[in-house]
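**Student:** Sharing a structure, written as structure tokens. Questions coming.
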Amino acid sequence: MEGIDKALAPFFELIFLAYPDPLFVVSVEGGDYHYRAVNDAYLRHAGLSLEEVLSRRVVDVLPPAARPYLLGKFAEALKAKRSIVYEVSAPEGRTFEAVISPIVTPEGDCPYLLGSLMDITPRKRAEAELEFARFHDGVTGLPNRFSLRQRLAEALIHAESLDQSVMLLVLDLDRFKPLNETLGHPMADRLLCQVAVRLQAALPLGGTVARLDGDEFGVLAFGDAQDAEALAQRLQEVFSLPFMVDGHEVYLTASIGVGRFPADAQNPDALMRCAGVALDRAKQERNAYCLYHLGLSEDTTDRLVLGHKLRHALERHELTVHYQPQVCLESGRIFGAEALIRWHHPQLGMISPAKFIPLAEECGLIVPITEWVMRAACLQQRCWAQEGLGDVRMSVNLSGRHFKRQNLAELVKRVLAETSIPPTCLDLELTESILMDNVEASAEVMQELSRIGILFSVDDFGTGYSSLSYLQRFPLHTLKVDQSFVRGITSGEDGAPITSAIIAMAHSLGMKVIAEGVETRAQLDFLRERRCDGYQGYYFSRPVPAEEFGALLRAAHKV
């Protein structure tokens with residue numbers, strides 16, 4: 001500790017003894033910096049002896065190309081009189097997170113800077129792998145569904161500004177499932193890779209081909225109806241010759257649905273729906289293509305009637321809430337419940353949430369319905385707590401419409417006051433797309449609610465297209481791994497590495513992880529080995545009515 005004020009030397013010695021990563025102290029002398037102390041980890045990092053370091057100025061040790069940047073960080077910390085965090089690159093592709101902290105005297109002087117380096121290479125590598133995996137298909141290397149949607153959105157903006165047309169073709173391999181079962185997954189994957197190569201070769205200039213799911217591909221290109229028909233025919237010609245897989249000739253055909261902008265739809269999601277509807281019609285004939293037209297859509301009258309019935313569902317007590325247990329992987333105890341709405345119509349019977357939730361979004365009914373679900377779930381939580389069954393954490397899904405209204409925080413606080421449950425027992429679930437729709441407004445509302453104890457989870461994590469750096473701007477407690485990745489853990493697809501990366505990344509950011517859709521013991525064992533925090537899925541229980549969920553709690557508590 002040569003050259004360090006005697007009053008500060010014990011302080012630095014204590015830090016140096018406790019800190020395992022590279023650590024150094026430099027003195028500030030008229031705009032120049034001199035090493036005063038370094039620990040053994042820093043010497044190993046620099047590849048120098050203690051005498052070599054202490055006999056040099058900092059500027060002499062720093063790599064020439066990095067000197068302006070790193071010395072600028074030193075000056076920034078001194079000027080701000082606070083810690084500065086930044087990243088530095090080292091040989092062999094390693095990345096370190098550096099922290100420079102000024103030591104400020106009572107008089108306001110900064111005679112020393114304390115610096116630390118932490119190797120974050122594994123985290124950066126996991127982040128890069130996760131980022132690639134989220135935007136690309138693990139089998140073919142093609143862009144995935146979410147990447148295609150992002151490119152489609154950009155293409156529509158570009159086309160609108162230039163008064164151009166865009167075509168989206170969705171292609172499905174005919175009878176691929178039995179072929180997959182016959183060949184086995186490895187051979188089927190190699191076949192899909194060959195399909196991907198041929199589709200890319202048939203693309204027009206500037207086009208994109210993506211693997212959407214299973215044996216379904218998407219093709220994005222610019223062009224009008226005539227171009228779309230010509231491209232559909234060209235894509236079908238791709239399958240005129242057999243594919244060779246491990247010495248076997250395999251013949252395939254494909255059905256293709258086509259949607260066009262602006263003729264059929266004006267936004268990415270609507271265009272993908274139009275192409276999907278056209279594909280459904282093409283698949284009825286097989287080895288055919290179909291251009292979307294209005295007559296292919298679901299009957300508008302039926303949707304209007306269902307929307308009218310949904311408006312009366314609340315007042316007629318046709319809606320109920322089922323609860324799916326969330327289970328701690330370490331203890332096996334139920335710690336939470338996801339509240340899921342169900343609709344039983346007296347004439348139509350049970351109506352799938354996949355059918356009426358999008359309708360509720362379109363009709364503007366999702367906000368009052370979600371408010372009802374939140375209140376019902378909180379009241380149920382209070383009942384279980386009063387029965388001595390513990391403070392079950394209630395998870396309630398929010399719609400993007402809640403963040404477009406100005407009273408979300410007021411709504412949540414009002415429900416808490418009316419139901420008298422602790423704020424920490426309410427977990428609000430959002431998707432990545434909701435968070436990214438209006439970052440500043442979302443973060444502000446979430447911070448307000450987080451301060452009173454409300455928890456926030458990101459649902460279906462990994463299926464959106466937001467960056468991890470953006471996620472750190474929100475007060476998030478939990479990431480929920482989407483069930484599509486959990487299913488892929490044991491199916492030979494890319495679910496295992498993606499799930500592992502999500503768990504590692506979440507833990508590095510101080511968040512908990514819940515895996516959704518767990519259905520097998522093998523999936524559960526995989527998640528336990530990766531130290532996933534919790535899970536939900538049919539392996540433990542499907543969503544059940546309140547009385548059945550209460551029975552599960554009583555059994556666990558032996559009440």
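**Student:** Based on the Kirkwood radius over alpha-carbon pairs, what is the Stokes-Einstein translational diffusion coefficient of the stretch 101-202 at 37 °C with 0.692 mPa s viscosity, in µm²/s?
**Tutor:** Using the Kirkwood radius from Cα pairs, D works out to 174 µm²/s.
**Student:** Would you work out the charge dipole size for the chain about its Cα centre, treating the Cβ of every Lys and Arg as +1 and the Cβ of every Asp and Glu as -1, and quote it to the nearest 20 debye?
**Tutor:** The dipole of the chain has a size of about 940 debye.
**Student:** Hey, another quick one. With the other protein chains left in place, how much accessible area per residue, in square angstrom, belongs to the stretch 213-337 at a 1.4 angstrom probe?
**Tutor:** 52
**Student:** Given R₀ = 60 Å, FRET efficiency for GLU315-MET118 by Cβ-Cβ distance, to 0.05?
**Tutor:** My answer for the efficiency is 0.55.
**Student:** Continuing with the same structure: If you count, for each residue, the other Cβ atoms within 10 Å and average over each peptide, how do 530-536, 342-348, 306-312 line up from highest to lowest?
**Tutor:** By packing density, highest mean first, the sequence is 530-536, 306-312, 342-348.
**Student:** Picking from THR490, SER147, SER420, whose Cα lies most toward the positive end of the charge dipole for the chain (charges on Cβ: Lys, Arg +1; Asp, Glu -1)?
**Tutor:** SER420
**Student:** Just to check I understand the Karplus step: with θ = phi - 60° and J = 6.51 cos²θ - 1.76 cosθ + 1.60, what whole-Hz values come out for the stretch 519-528, glycine and proline as x?
**Tutor:** Values, residue by residue: 10, 9, 5, 4, 4, 4, 5, 4, 5, 5 Hz.
**Student:** If the only charges are +1 at each Lys and Arg Cβ and -1 at each Asp and Glu Cβ, what is the size of the charge dipole of the stretch 122-198 around the Cα centre, to the nearest 20 debye?
**Tutor:** Numbers: 11 positive and 11 negative charges, 62 e Å.
For the stretch 122-198, the charge dipole is close to 300 debye.
**Student:** For a quick size check, give me the Cα extents of the stretch 155-206 along its three principal axes, largest first, whole Å.
**Tutor:** 48, 18, 14
**Student:** Taking 0.36 nm per residue of separation and subtracting the Cα-Cα distance, what length does fully extending VAL305 through ARG56 add?
**Tutor:** Working it through step by step, the gained length comes to 81.5 nm.
**Student:** Hey, another quick one. What does the accessible area of LEU43 come to, in Å² to the nearest 10, when a probe of 1.4 Å is used?
**Tutor:** Estimated to the nearest 10 Å², LEU43 gives 30 Å².
**Student:** Calculate what fraction, in whole %, of the accessible area of the stretch 195-236 sits on carbon and sulfur atoms when a 1.4 Å probe is rolled over the protein chains.
**Tutor:** Answer for the stretch 195-236 is 47 percent, counting heavy atoms of protein chains only.
**Student:** Divide the volume of the convex hull of the Cα atoms of the stretch 364-423 by its number of residues and quote the answer in cubic angstrom per residue.
**Tutor:** Each residue corresponds to 69 Å³ of Cα convex hull volume.
**Student:** At a 1.4 Å probe, what is the % contribution of carbon and sulfur to the accessible area of the stretch 101-188?
**Tutor:** In the stretch 101-188, the share of accessible area belonging to carbon and sulfur is 54 percent.
**Student:** Still on this model: Which residues' amide hydrogens lie under 5 Å from the amide hydrogen of THR431, considering only partners 5 or more residues apart or on another chain, with H built in the peptide plane?
**Tutor:** It is ASP459, by chain and number.
**Student:** Using the Cα centre of the stretch 258-405 as origin and beta-carbon charges of +1 (Lys, Arg) and -1 (Asp, Glu), tell me which of ALA288, PHE403, THR370 is placed farthest towards the positive end of the dipole.
**Tutor:** PHE403
**Student:** Next question. Per the Cauchy relation, a quarter of the hull surface: what is the mean projected area of the convex hull of the alpha carbons in the chain, in nm²?
**Tutor:** 34.2
**Student:** Report the Cα centroid-to-centroid distance between the stretch 246-290 and the stretch 479-520 in angstrom, as an integer.
**Tutor:** Answer, in whole Å: 30.
**Student:** Run the numbers for SER331 and TYR19: contour at 0.36 nm per residue of separation, minus the present Cα-Cα distance, in nm.
**Tutor:** Length gained between SER331 and TYR19: 109.0 nm.
**Student:** Where the centre of each part is set by its Cα atoms, how far does the stretch 203-242 sit from the stretch 360-406, in angstrom?
**Tutor:** Centre-to-centre (Cα) distance: 43 Å.
**Student:** Here's a follow-up. Provide, for q = 0.08, 0.12, 0.15, 0.18 Å⁻¹, the log10 of I(q)/I(0) from a solvent-free Debye sum over equal Cα point scatterers in the stretch 156-307.
**Tutor:** The Cα Debye sum returns log10 ratios of -0.24, -0.53, -0.77, -1.03.
**Student:** Can I ask one more? Once the dipole of the chain is set up with Lys and Arg at +1 and Asp and Glu at -1 on Cβ about the Cα centre, which of TYR35, ALA337, ILE357 lies farthest towards its positive end?
**Tutor:** With unit charges placed on the Cβ atoms, the residue in question is ALA337.
**Student:** Under a plain spin-label model, where a point goes 7 Å from the Cα along Cα-to-Cβ, how far apart in nm are GLU387 and TYR251?
**Tutor:** Simple spin-label model gives 6.2 nm for this pair.
**Student:** Shifting gears a bit: How large is the charge dipole for the stretch 242-296, taken about the Cα centre, if only the Cβ atoms of Lys, Arg (+1) and Asp, Glu (-1) carry charge, to the nearest 20 debye?
**Tutor:** That gives a dipole near 220 debye.
**Student:** Based on the mean of other beta carbon atoms within 10 Å per residue, what is the order of 444-456, 95-107, 239-251, most packed first?
**Tutor:** 444-456, 95-107, 239-251
**Student:** Normalised by the residues of the stretch 126-253, what does the relative contact order come to in percent, with Cα pairs under 8 Å and at least six apart?
**Tutor:** 29
**Student:** At a Förster radius of 35 Å, what calculated FRET efficiency corresponds to the Cβ-Cβ distance of LEU348 and SER433, to the nearest 0.05?
**Tutor:** Rounded to the nearest 0.05, the efficiency is 0.70.
**Student:** Given the peptides 203-215, 494-506, 274-286, arrange them by the average over their residues of other C-beta atoms within 10 Å, most packed first.
**Tutor:** Final packing ranking: 494-506, 274-286, 203-215.
**Student:** Over the residues of the stretch 280-411, compute the C-alpha Rg and express it relative to 2.2 N^0.38 Å.
**Tutor:** 1.37
**Student:** In whole percent, and with a 1.4 Å probe on the protein chains, what portion of the accessible area of the stretch 249-396 is carbon and sulfur?
**Tutor:** On the stretch 249-396, the fraction of accessible area on carbon and sulfur atoms equals 51 percent.
**Student:** Along Cα→Cβ, 7 Å out, is where each label goes; now give me the distance between the ones at LEU43 and ALA80 in nm to one decimal.
**Tutor:** 3.2
**Student:** For the stretch 343-446, what does the equivalent ellipsoid look like in terms of its semi-axes, each the square root of 5 times an eigenvalue of the Cα gyration tensor, given largest first in whole Å? Could you put the intermediate results ahead of the total?
**Tutor:** Numbers: eigenvalues 108, 94, 25 Å².
The answer is 23, 22, 11 Å, longest axis first.
**Student:** If you don't mind, there's one more thing I want to ask. Can you list the aspartates and glutamates whose alpha carbon is less than 14 Å from that of LYS79, not counting same-chain residues fewer than 8 positions off?
**Tutor:** Within reach: ASP109.
**Student:** Can I ask one more? On each of the three principal axes of the Cα atoms of the stretch 24-103, give max minus min coordinate, whole Å, ordered largest first.
**Tutor:** Per principal axis, max minus min of the Cα coordinates gives 31, 28, 21 Å.
**Student:** Take the residue pairs LYS81/LYS512; LYS177/LYS512; LYS124/LYS480; LYS81/LYS124; LYS124/LYS512 and return only those whose Cα atoms are more than 25 Å apart.
**Tutor:** The answer is LYS81/LYS512; LYS177/LYS512; LYS81/LYS124.
**Student:** Please give the contour-minus-distance gain from ARG521 to ARG151: 0.36 nm per residue of separation, less the Cα-Cα distance, rounded to one decimal in nm.
**Tutor:** Working: separation 370, 0.36 × 370 = 133.20 nm, distance 3.81 nm.
Separation in residues times 0.36 nm, less the Cα-Cα distance, equals 129.4 nm.
**Student:** Would you calculate, for the chain, the mean residue ellipticity at 222 nm contributed by helices, counting each DSSP H stretch of 4 or more residues as -39,500 (n - 2.57) and dividing by all residues, to the nearest 500?
**Tutor:** That calculation yields -14000 deg cm²/dmol at 222 nm.
**Student:** Read phi for every residue in the stretch 282-291 and hand back ³J(HN,Hα) as whole Hz from Karplus 6.51 cos²θ - 1.76 cosθ + 1.60, θ = phi - 60°, with x for Gly and Pro.
**Tutor:** Coupling constants for the stretch 282-291: 4, 5, 5, 9, 6, 6, 9, 10, 9, 8 Hz.
**Student:** A follow-up question, please. What FRET efficiency comes out for ALA555 versus TRP372 if R0 is 25 angstrom and r is the Cβ-Cβ distance? Round to the nearest 0.05.
**Tutor:** 0.30
**Student:** Give a residue-ordered list of calculated ³J(HN,Hα) values for the stretch 494-503 (Karplus: 6.51 cos²θ - 1.76 cosθ + 1.60, θ = phi - 60°; whole Hz; x for Gly, Pro).
**Tutor:** With the stated coefficients, the stretch 494-503 comes to 9, x, 5, x, 5, 4, 4, 5, 5, 4 Hz.
**Student:** Still on this structure, please answer the following. If amide H atoms are built 1.01 Å from N in the plane of the peptide, which residues on other chains or at least 5 residues away come under 5 Å of the amide H of LEU252?
**Tutor:** PHE243
The values are calculated or read from the model by the stated rules, or taken from the named source; none is laboratory data. Just so you know, these numbers come straight off a predicted model, no measurement behind them. All Cβ positions, glycine included, derive from the backbone under ideal geometry; neighbour counts span all protein chains shown. Heads up: the accessible areas ignore ligands, DNA and RNA and are worked out on the full protein's heavy atoms, side chains in. Shrake-Rupley method; radii C 1.70, N 1.55, O 1.52, S 1.80 Å.
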